[in-house]
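Reading through the structure tokens given below for one structure.
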Amino acid sequence: MNSIKLKSRAKINLSIDVLGKRQDGYHLVEMIMQTIDLYDLIEISEIEDNQIIIKSASDEIPLDCNNLVYKAADLIKQKFNITKGIEIDIQKNIPVAAGMAGGSSNAAAILVGLNKLWNLNLSDQALEELGLKLGADVPFCINGGAVLASGIGEELTPIKGLSKDICILVCKPDLFVSTKEVYESLDSKHIDKRPNNKFLIDCLKNEDIRKLAENMFNVLEEVTVEKHPVIQQIKDIMIKNKALGAMMSGSGPTVFGLYDNIEDANICKSILENHFKQTFVVACEEKGVEVNG
Ligand code: ATP
């Protein structure tokens, strides 16, 4: 039987600006996204019955048609009239509902994986168009790397990303944040500070990590911190422990800190780990989804 294994990588945001709202309710954003080397392992195997079966040891994700991987597989099967069945095994390492695009990245992996498994010969552009039907972050997750994303997050301009020797300390507190509620709270507020994305892109280009770290900004952060002060506490611990800068990713609650050496990052990791078990030190990565044999 045919099968394929994939790495499905997470992202962090180095900035998020919200510029407005479309008539259909989607927010218009301008944000810098960066793939990181924290990934779920996904295996897709063909099965006898014409079904989509999802297996995972994680009790945090649905295993039925509500899982984004189911939706991605169903989309491909319907579009190309494929009557073969598949089993999808997900080994979850990316924190769930964290602001790290875990679900979107898994959906992207299914699109890339089935494109290969079933020789569909879809171009990157065609995959991104299909991905957009599943979620605004899915097109980015397909290729990943570092981009300035605009529109609702689907207009992608590749930029130079973080250098490989920067250590990213990622910490996800054990609480649930509703992305929808965060955006709704933002709608009722005046945004008085925004990121300067052009400046941040120049910092990346010039490898000026200090200036980048000091100027990263996420307009959603204040809204989420108001409800969950622990996010600010994690940021403060990172800054006190030599992070060059720290910020919330996506709509939260994950916080990350940038370090220019692994020793300082690991010291802070060991402090945070006493309270937050989902704490990792990772590097950036150039590829969102990677076929792994
Ligand atoms: P984003 O950064 O794109 O907002 P996120 O990291 O905040 O994403 P996800 O991890 O994608 O959030 O999870 C959001 C919700 O989607 C969760 O409540 C989860 O149960 C559901 N979900 C469905 N499929 C998946 C999947 N394959 N992996 C993770 N979550 C999934």
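The values are calculated or read from the model by the stated rules, or taken from the named source; none is laboratory data. What you are looking at is a predicted structure, and each value in this text was computed from that prediction instead of being measured. Ideal geometry is used to build each Cβ from the backbone, glycine not excepted, and the neighbour counts take in all protein chains shown. Heavy atoms of the whole protein, side chains included, go into the accessibility calculation; ligands, DNA and RNA do not. Shrake-Rupley method; radii C 1.70, N 1.55, O 1.52, S 1.80 Å.
Go through the stretch 191-225 and count every residue that is modelled with pLDDT under 95 and touching a Ser or Thr at 6+ places or on another chain (Cβ under 8 Å). Quick ask: steps written out before the conclusion?
Of all residues in the stretch 191-225, those modelled with pLDDT under 95 come to 191-192.
Imposing the further condition that a residue be touching a Ser or Thr at 6+ places or on another chain (Cβ under 8 Å) reduces the set to none.
Residues meeting the conditions: 0.
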Quickly run through the stretch 57-76 and pick out the residues that are open to solvent by 60 Å² or more (accessible area, probe 1.4 Å) and not in a helix (DSSP H, G or I). A57, D59, E60, L63, D64, C65, N66
Determine if the stretch 77-90 includes at least one residue that is open to solvent by less than 10 Å² (accessible area, probe 1.4 Å) and touching a Leu at 6+ places or on another chain (Cβ under 6 Å). no
Scanning the stretch 134-150 for residues that are within 15 Å of the ligand (Cβ to nearest atom) and not hydrophobic (A, V, I, L, M, F, W, C), which turns out surrounded by the most Cβ atoms within 10 Å (Cβ to Cβ)? P139
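So which residues in the stretch 103-125 are open to solvent by 10 Å² or more (accessible area, probe 1.4 Å) and either of a type in the set (S, T, Y) or near the ligand (Cβ under 9 Å from one of its atoms) (or both), if there are any at all?
Once the filter is applied, which keeps residues that are open to solvent by 10 Å² or more (accessible area, probe 1.4 Å) and either of a type in the set (S, T, Y) or near the ligand (Cβ under 9 Å from one of its atoms) (or both), the stretch 103-125 yields G103, S104, S123.
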Restricting the search to the stretch 145-167, which residues are in contact (Cβ under 8 Å) with a residue 40 or more places away in the chain and in contact with a helix residue (DSSP H, G or I) (Cβ under 8 Å, 6 or more places away or on another chain)? A146, V147, L148, A149, G153, I159, K160, G161, L162, S163, I166, C167
Here are some conditions: (1) farther than 27 Å from Y183 by Cα; (2) modelled with pLDDT of 95 or more. E48 meets all but one. Which one does it not meet? (2)
For A97, work out the one condition from (1) under 15 Å from T35 (Cβ atoms); (2) near the ligand (Cβ under 9 Å from one of its atoms) it doesn't fulfil. (1)
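Any residue at all in the stretch 115-130 that's out of contact with any Pro (no Cβ under 6 Å at 6 or more places or on another chain) and under 30 Å from K211 (Cα atoms)?
no
Residue-wise test of (1) within 13 Å of the ligand (Cβ to nearest atom); (2) modelled with pLDDT of 95 or more.
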{"position": "R9", "(1), (2)": "yes, yes"}
{"position": "D24", "(1), (2)": "no, no"}
{"position": "Y39", "(1), (2)": "yes, yes"}
{"position": "D64", "(1), (2)": "yes, yes"}
{"position": "T83", "(1), (2)": "no, yes"}
